[in-house]
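One structure below.
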Amino acid sequence: MKRTIAVIRGDGIGPEIVAQALLVLNKIAALYGHEFTYTDVDMGGCAIDKWGDPLPQTELDKCLASDSVLLGAVGGPKWNDVPGPMRPEKGLLRLRAGMGVYSNNRPAKIWPQLASASPLKQEIVDKGIDFIIVRELIGGIYFGKHETVYEGGEQTAIDELRYSESEIRRIGRIGFETAQKRGKRLCSVEKSNVLDSSRLWKTVMHELAAEYPDVQLSDMLVDNCAMQIVKDPSQFDVIVTENMFGDILSDEASMIIGSIGMIPSSSLGEGSRGLYEPIHGSAPDIAGKDIANPIGTILAAAMMLRFSFDLPKEADAIENAVSKVLDAGYRTGDIMAPNCKQVGCTEMGRLILENLQ
Ligand code: IPM
Ligand code: MG
């Protein structure tokens, strides 16, 4: 199979972790007879420095011309004071919108080898943690009007949150379909006791439920959901929620499985082109030290093979290699545990390559 991949290394630890994921993809290509070609794309702080824009149109076009996109991470303190529309994160939001990837899938599954890295009590972890957050990605408050105005002699900041029925319906369908392929339980998370957008969300989810009689739909308020994720995460199979709630809950979910460094994500719209990235940020404090955990990005590459290129065997091979390295007791600093061997980013990548077959 021949595929083109746009590669966004980004800022901070982005280049280090992406380098390891590319080595893994190259080995998969060699082992299974595929040809992956890469196009480098500038986005985020490095694009601001080079082009004065976090995602110039030429760079977005490269992504739209490729079969899929692999991303490290963007942002950092260097660009903290640039105006809102020019921030590195704005490049990421424009990429998501430009690619039309409305559905973001973030798996929270505990690796048995990392059970002790979870901050939750052992008896809670033992009940099992294996759920997916389906997050709406190109609507809601992230994409409403943002403005700061002077009123009565002081500044007032306004962020608009809007959702249309069709936006809710298309992400709702992804939620139901994801649940159909798993445990058939879908929890719709909103704040319908306060927000109109959430009341519409809930109504649309219940309309859709009629089309998916095999899926059991439940509703949960987002504040309660934040609590339930630490109280008893085993109750969840698939969570479907709006953009900002999904952003917050997915960081919480990553923590209970041990480390945010372990979670990949896929973002898909219509068609097979996707955006694949770890859910963590650019971690500027540890950038360039060769200590970052590359596993989230390597697993994101596996997701790309599975969901965009329909190569499940190859994706399994990568996940198995990660599992073997964890079995052998190798850990990066973020998941380090007693009696394990601490390794850096490059060495973790090398070990995964060595175990890939
Ligand atoms: C994420 C990140 C982004 C988001 C930031 C970097 C804009 O936190 O992917 O979860 O809020 O979506
Ligand atoms: Mg986030």
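Counting only Cβ charges, +1 for Lys and Arg and -1 for Asp and Glu, the dipole size of the chain around its Cα centre is about 820 debye.
Anisotropy class assigned to the chain is rounded, per the alpha carbon gyration tensor with a/c under the 1.5 cut-off. Using a cutoff of 8 angstrom between alpha carbon atoms and counting only pairs six or more residues apart, the relative contact order for the chain works out to 22 percent. Candidates I124, P213, V238 compared by Cα position along the dipole of the stretch 119-256: farthest toward the positive end lies P213, with charges placed on Cβ. Heavy atoms only, probe 1.4 Å: what % of the accessible area of the chain goes to carbon and sulfur, would you let me know? Here it works out to 52 percent. Here the label points at E147 and M244, each 7 Å from Cα along the C-beta direction, are separated by 1.8 nm in the simple model. Could you give the size of the charge dipole of the stretch 237-281 about its Cα centre, using +1 on the Cβ of each K and R and -1 on the Cβ of each D and E, expressed in debye and rounded to the nearest 20? Here the stretch 237-281 has a charge dipole of around 180 debye. When you filter the GluC sites (Glu not before Pro) in the stretch 122-189 for DSSP loop state and at most 14 other Cβ atoms inside 10 Å of their Cβ, you are left with E160. Bridge orientation summary for the chain: considering DSSP beta bridges with both residues in this region, about 40 percent are antiparallel. Across the stretch 119-256, the relative contact order, built from alpha-carbon pairs under 8 Å that are at least six residues apart, equals 37 percent.
Subtracting the Cα-Cα distance of K184 and R199 from 0.36 nm times their residue separation leaves 3.1 nm of extension gain. Run through the stretch 227-325 and list the GluC sites (Glu not before Pro) located in a DSSP loop whose Cβ has at most 15 other Cβ atoms within 10 Å. Of the GluC sites (Glu not before Pro), the ones in loops of the stretch 227-325 whose Cβ has at most 15 other Cβ atoms within 10 Å are E270.
For the chain, the membrane-span-like helices by this rule, meaning whole DSSP H stretches whose C-alpha atoms cover at least 15 Å of axis and whose Kyte-Doolittle mean is 0.0 or above, are 14-32, 243-256; this says nothing about an actual membrane.
Taking a ≥ b ≥ c as the square roots of the eigenvalues of the Cα gyration tensor, the stretch 154-241 is oblate, since a/c reaches 1.5 or more and a/b is not larger than b/c.
Springs between Cα atoms under 10 Å define the GNM used for the chain, and in it the highest mean-square fluctuation of I124, I110, I168 occurs at I124.
A simple count of charges around R169, restricted to other residues whose Cβ falls under 12 Å of its Cβ and scoring Lys, Arg +1 and Asp, Glu -1, yields -3. Residues considered: G172, G288, G75. Largest GNM mean-square fluctuation over the chain, using C-alpha springs under 10 Å, is found at G288.
Within the stretch 106-148, the trypsin sites (Lys or Arg not before Pro) that combine a DSSP coil assignment with at most 16 other C-beta atoms in a 10 angstrom radius are K121, K127, K145. Relative to the Cα centre, the charge distribution of the stretch 138-229, modelled as +1 at Lys and Arg Cβ and -1 at Asp and Glu Cβ, gives a dipole magnitude of about 580 debye. Rolling a 1.4 Å probe over the heavy atoms of the protein chains gives the chain an accessible area of 42 Å² per residue.
For the stretch 177-315, the share of DSSP beta bridges that are antiparallel, to the nearest 5, is 35%.
The values are calculated or read from the model by the stated rules, or taken from the named source; none is laboratory data. Here the structure is a predicted model, which means the values were calculated and not measured. Please note: Cβ atoms are built from the backbone with ideal geometry, for glycine as well, and neighbour counts cover all protein chains shown. The protein model used for the area step is the full one, side chains on, heavy atoms only, and it has no ligands, DNA or RNA in it. Shrake-Rupley method; radii C 1.70, N 1.55, O 1.52, S 1.80 Å.
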